[in-house]
Amino acid sequence: MLFTDSRKRLAIAARQRGAGFRNSTSQVENANNTQTSSGLFAYFSGNEKARKRRSGGVFGSLRPNTRVHAAVAALKIVGAFLLVVIISSVGYMTITVLSPEFGLPDTNIEYEDSDLYPQSVVYFPQKYEQNAYLREAVKEIEDSAPEDVEEEPEEVVILPLGAGNTDNVLVQEGMRYYNAEELERGLLRGLIELAPAFVAAQEEYGIDAVFLAAVAALESGWGAFPIRETNLFGFGNMSFETKEAGVDHVASFLKRAYLTEGGQYYKGVSVTNVAHYYCPVNPSWPGMVGQLMKEIVRRIEE
């Protein structure tokens, strides 16, 4: 009986120890489950307590450090996706531009006035051929651009020299005669300053200025020894207000009386014809006047 009671007491004690061990083990497991249920695993494991704490969404149930890592991972995924999109777009554009159908820049084609045309026409001629808008734009530019007209160089016509012609002392159309600046180079002494007066008489009365200057040079010794101070032509004993007035008076009289058909002393238009009445007493007069005319022309043409 005593032995039986002892066995009962031992069995009771063993059961109590087993129950305590199971209780402690259950407490440890519950603690671990409590800690694990606060993580991301608990959210998907079906833990009831963790589900009650998910009011903040997927990331609301995570710890602060875990939330940062999750956000960084999400940003990396989005960035990778955008990078793939950009690379794909660049690759497509590159293939399109470099494809034979689009047309590569043709460096062997020369374009005139390339600055007038869109760059697509200059560098991508095949695209230009396929693009109606570009063709229309180029046509509009060409229509509005001024046409290049090659200006022909002006032909310099050198007229034959009419000045100093002893056979015709009148100015002839299509012949070249001297202006005052040119005539000055052929005169000497006191006649140099009268070059404008000789040329003015040439323009007014149509008599060669070289002829008028040669007559004055012969009759006055190049203006140094006139019969009268203002009379350089030996024209009678007349005097004039100025030397220029004397040149104008004699030229007017020569044209009216000597060099116009029907004039009082008209015999022709050569030096010899004029000399017939102008200086009949000196047969050498036309030859000396002609020589002076050649001398004046030589000085000018040198």
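Computed quantities for the displayed model
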{"item": "Helices (runs of 4 or more DSSP H) contained in the range 151-244 and holding at least 3 residues within 22 Å of Met288 (Cα to Cα) and touching a residue at least 60 places away in the same chain (Cβ under 8 Å)", "result": "180-186, 209-220"}
{"item": "Cross-chain or 6+ apart pairs with Cβ under 9 Å, the range 254-267 first and more than 17 Å from Val215 (Cα to Cα) and without any contact (Cβ under 8 Å) to a residue 24 or more places away in the chain, then part of a helix (DSSP H, G or I) and among the charged types (D, E, K, R)", "result": "Gly263/Lys255; Gly263/Arg256; Gln264/Arg256"}
{"item": "In the range 277-302, the residues that are over 27 Å from Arg176 (Cα atoms) and part of a helix (DSSP H, G or I)", "result": "Tyr277"}
{"item": "Options Thr242, Thr272, Thr260; residue that is over 20 Å from Gln172 (Cα atoms) and surrounded by fewer than 21 Cβ atoms within 10 Å (Cβ to Cβ)", "result": "Thr242"}
{"item": "Residue within the range 256-266 that is assigned to a helix (DSSP H, G or I), modelled with pLDDT of 95 or more and not aliphatic (A, V, I, L, M) present", "result": "yes"}
{"item": "Condition broken by Gly223, with the remaining ones in (1) at pLDDT 90 or above; (2) within 23 Å of Ser270 (Cα to Cα) satisfied", "result": "(2)"}
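The values are calculated or read from the model by the stated rules, or taken from the named source; none is laboratory data. Bear in mind that the values here come from a model prediction, so they are computed numbers and not experimental data. Methodologically, a virtual Cβ is constructed for each residue, glycine included, from the backbone with ideal geometry; neighbour enumeration extends over all protein chains shown.
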